[in-house]
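Here is the structure we will look at, set down as structure tokens.
The values are calculated or read from the model by the stated rules, or taken from the named source; none is laboratory data. Predicted model, so just to flag it, every value in this text is computed and none were measured. Here the Cβ is made from the backbone with ideal geometry for all residues, glycine too, and neighbour counts use every protein chain on show.
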Amino acid sequence: MATPVHSMIRVLNEARSLDFYARAFGLEIADRIPFSDFALIYLRHRSSPFELELTVNFDRKEPYAPGDGYGHLAVVVDDVDSEHARFVRENLNPGPLRDFRHDGTTLARFFFVSDPDGYKIEVIQRGGRFG
């Protein structure tokens, strides 16, 4: 059986991305592996072994385009309302809170935020299928 270990995204500015992921989601550097022309930075939250791998190509000058195939990463939180308010206070520019319903039942309460490179992250209220 396969076990998911990480998801990778390319970022333009290492310091800006590290600041965003630390402030927004409490992700900390688990490992940083420098090469001559790029670096791999593995970020992890203390609650999960799953990592976000940031790839920084040192010679890259232009922002990456996430493309039309990328969707989003998702995280769950205990209190989506207070997290949304915190994101506003931190000037992280969250989108509006949404109540996603099907047949009159709430499936999820969430908001989206974009990281400095334009990658979307969905912040979901813990509960239901998002346990």
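Rundown of residues vs (1) in contact with a Gly (Cβ under 9 Å, 6 or more places away or on another chain); (2) of a type outside the set (Phe, Trp, Tyr), yes/no style:
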site	(1), (2)
16	no, yes
23	no, yes
46	yes, yes
53	no, yes
58	no, no
65	yes, yes
73	no, yes
96	no, yes
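Look through 67, 104 and report the one residue that is within 29 Å of residue 127 (Cα to Cα) and among the small types (Gly, Ala, Ser).
Criteria check complete, one pass: 104.
Residue check: is residue 53 acidic (Asp, Glu), assigned by TED's automatic domain parsing to the domain that holds residue 19 and within 12 Å of the chain's Cα centre (by Cα)? Steps first, please.
On the way: acidic (Asp, Glu): yes; assigned by TED's automatic domain parsing to the domain that holds residue 19: yes; within 12 Å of the chain's Cα centre (by Cα): yes.
Yes; evaluated as a whole, the condition is true for this residue.
Please note which strands (runs of 3 or more DSSP E) are completely contained in the stretch 46-131 and include at least 2 residues that are surrounded by 15 or more Cβ atoms within 10 Å (Cβ to Cβ).
Details: elements: 51-57, 73-77, 98-102, 105-114, 120-125.
Because the criterion is at least 2 residues that are surrounded by 15 or more Cβ atoms within 10 Å (Cβ to Cβ), the strands (runs of 3 or more DSSP E) in the stretch 46-131 that meet it are 51-57, 73-77, 105-114, 120-125.
Need pairs with beta-carbon distance below 6 Å; first residue outside the structural domain of residue 7 (by TED's automatic domain parsing) and farther than 19 Å from residue 70 by Cα and within the stretch 109-131, second among the aliphatic types (A, V, I, L, M) and crowded, with 18+ Cβ neighbours inside 10 Å; sequence gap 6+ or separate chains.
109/80; 125/80; 130/124
Search the stretch 46-88 for residues being among the polar types (S, T, N, Q) and touching a Lys or Arg at 6+ places or on another chain (Cβ under 8 Å), and hand back the single one that is farthest from residue 5 (Cα to Cα).
Let us first name the residues in the stretch 46-88 that are among the polar types (S, T, N, Q), namely 47-48, 55, 57, 82.
When the remaining residues are screened for being touching a Lys or Arg at 6+ places or on another chain (Cβ under 8 Å), the result is 55, 57.
Numbers: 55: 16, 57: 22 Å.
In this case the residue turns out to be 57.
Taking the options 37, 31, 19, 59, name whichever one is at pLDDT 95 or above and closer than 24 Å to residue 94 by Cα.
Values: 37 fails: closer than 24 Å to residue 94 by Cα; 31 fails: closer than 24 Å to residue 94 by Cα; 59 fails: closer than 24 Å to residue 94 by Cα.
Within the list 37, 31, 19, 59, the selection yields 19.
Can you work out which of the residues in the stretch 11-30 that are of a type in the set (A, V, I, L, M) and assigned to a helix (DSSP H, G or I) is surrounded by the fewest Cβ atoms within 10 Å (Cβ to Cβ)?
Only one residue tops the list, namely 15.
If you take the residues of the stretch 31-45 that are within 24 Å of residue 4 (Cα to Cα) and loosely packed, with under 14 Cβ neighbours inside 10 Å, which of them is farthest from the chain's Cα centre (by Cα)?
For the stretch 31-45, the residue satisfying everything is 34.
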